[in-house]
Amino acid sequence: MAPPSIYGEPKIRSENGSVFLEVIVTGADPAKIQWFFGADELEENEFLKFSHSDEGGNRTKFVAEIKDFDKPLAGEYKAVFASADGQNHSTFNVTAGNAPDFHDKPHIVQRDNGNVIVIKVRAKSHLEMKAEWFKDEKPVKFTDRVKAVVKKDDKDKDGYQFLLEITGPQKDDEAKYKCVVKNSEGQNQQSLNLVFD
């Protein structure tokens, strides 16, 4: 018997915010598949799902689904297949397309002697983009006191400032805040912890 062989071309496809890495292999033991990102072996979690299906003729289709794909997840992925007679591998270079870029770290700005706290994120994109705000991983509830503001970035013609303004900050406003900026080609995110002295 020979080591596993790759059948056809490995595929990368995106759908509904997920990226799928697919490869069909002849003669591989499905129990021995390993997926890597760079040098790190990957394990399944809520954002990463592995599956395989029997394609007939001793062929197996292996799939890795990367959910909520955004720029930090771009790079080289590798699938390593094995059988009793050796191993083989397939590499996938996953690019993030033209997802939004950040051109600054997130900042906290105080106004009105500390009565208003603003979390400021600066992002740019050649495509229309929108921002979503999260507080401790849950969508921020906007009120008269907590507002999201978008304005053109005066320093960059393709840039926007996404602001979360909190008026009359209270102890329960302390949290990890995340801003997810999306366009039609992908998404990117920044987060920071808001803590009052």
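The values are calculated or read from the model by the stated rules, or taken from the named source; none is laboratory data. Remember, it's a predicted structure, so these values are computed and weren't measured experimentally. Quick reminder, even Gly has a Cβ in these numbers, built from the backbone with ideal geometry, and neighbours come from all protein chains shown. When the accessible area is computed, the model is the full protein with side chains, heavy atoms only, and any ligands, DNA or RNA have been set aside. Shrake-Rupley method; radii C 1.70, N 1.55, O 1.52, S 1.80 Å.
Here is a list: 74, 148. Which entry is among the hydrophobic types (A, V, I, L, M, F, W, C) and over 30 Å from residue 31 (Cβ atoms)?
Criteria check complete, one pass: 148.
If I ask for residues that are assigned to a strand (DSSP E or B) and in contact (Cβ under 8 Å) with a residue 12 or more places away in the chain, which ones from region 1-13 would you list?
Across region 1-13, the qualifying residues are 5, 6, 7, 8, 10, 11, 12.
Any chance region 12-30 includes a residue that's more than 18 Å from residue 97 (Cβ to Cβ) and of a type in the set (Lys, Arg)?
Looking for residues that are more than 18 Å from residue 97 (Cβ to Cβ) and of a type in the set (Lys, Arg), one finds none in region 12-30, hence no.
Mind checking whether some residue in region 151-173 is buried (at least 17 other Cβ atoms within 10 Å of the Cβ), under 13 Å from residue 108 (Cα atoms), in contact with a Cys (Cβ under 8 Å, 6 or more places away or on another chain) and not acidic (Asp, Glu)?
The answer is yes, given that some residue of region 151-173 is buried (at least 17 other Cβ atoms within 10 Å of the Cβ), under 13 Å from residue 108 (Cα atoms), in contact with a Cys (Cβ under 8 Å, 6 or more places away or on another chain) and not acidic (Asp, Glu).
Considering only region 129-148, I want to know if a residue exists there that is among the basic types (Lys, Arg), modelled with pLDDT under 95 and under 25 Å from the mean Cα position of the chain (by Cα).
Yes, that holds for at least one residue.
Which is without any contact (Cβ under 8 Å) to a residue 12 or more places away in the chain and of a type in the set (Asp, Glu), of 65, 46, 41, 22?
41
Could you say whether any residue in region 128-144 is within 26 Å of residue 35 (Cβ to Cβ), outside any strand (DSSP E or B) and of a type outside the set (A, V, I, L, M)?
yes
Would you check if there is a residue in region 43-58 being within 24 Å of residue 182 (Cβ to Cβ), aromatic (Phe, Trp, Tyr) and surrounded by fewer than 17 Cβ atoms within 10 Å (Cβ to Cβ)?
Within region 43-58, one or more residues are within 24 Å of residue 182 (Cβ to Cβ), aromatic (Phe, Trp, Tyr) and surrounded by fewer than 17 Cβ atoms within 10 Å (Cβ to Cβ).
Could you list, in sequence order, the residues of region 84-134 that are acidic (Asp, Glu), touching a strand residue (DSSP E or B) at 6+ places or on another chain (Cβ under 9 Å) and loosely packed, with under 13 Cβ neighbours inside 10 Å?
Within region 84-134, 112, 128 meet the criteria.
Which members of region 150-197 meet the condition of being closer than 18 Å to residue 96 by Cβ, outside any strand (DSSP E or B) and of a type in the set (S, T, N, Q)?
184
Determine, yes or no, whether residue 72 is modelled with pLDDT under 90, under 30 Å from residue 161 (Cα atoms) and surrounded by fewer than 18 Cβ atoms within 10 Å (Cβ to Cβ).
yes
Restricting attention to region 14-30, which residues are open to solvent by 90 Å² or more (accessible area, probe 1.4 Å) and either in a loop (DSSP other than H, G, I, E, B) or under 18 Å from residue 90 (Cα atoms) (or both)?
The answer is 16, and nothing else.
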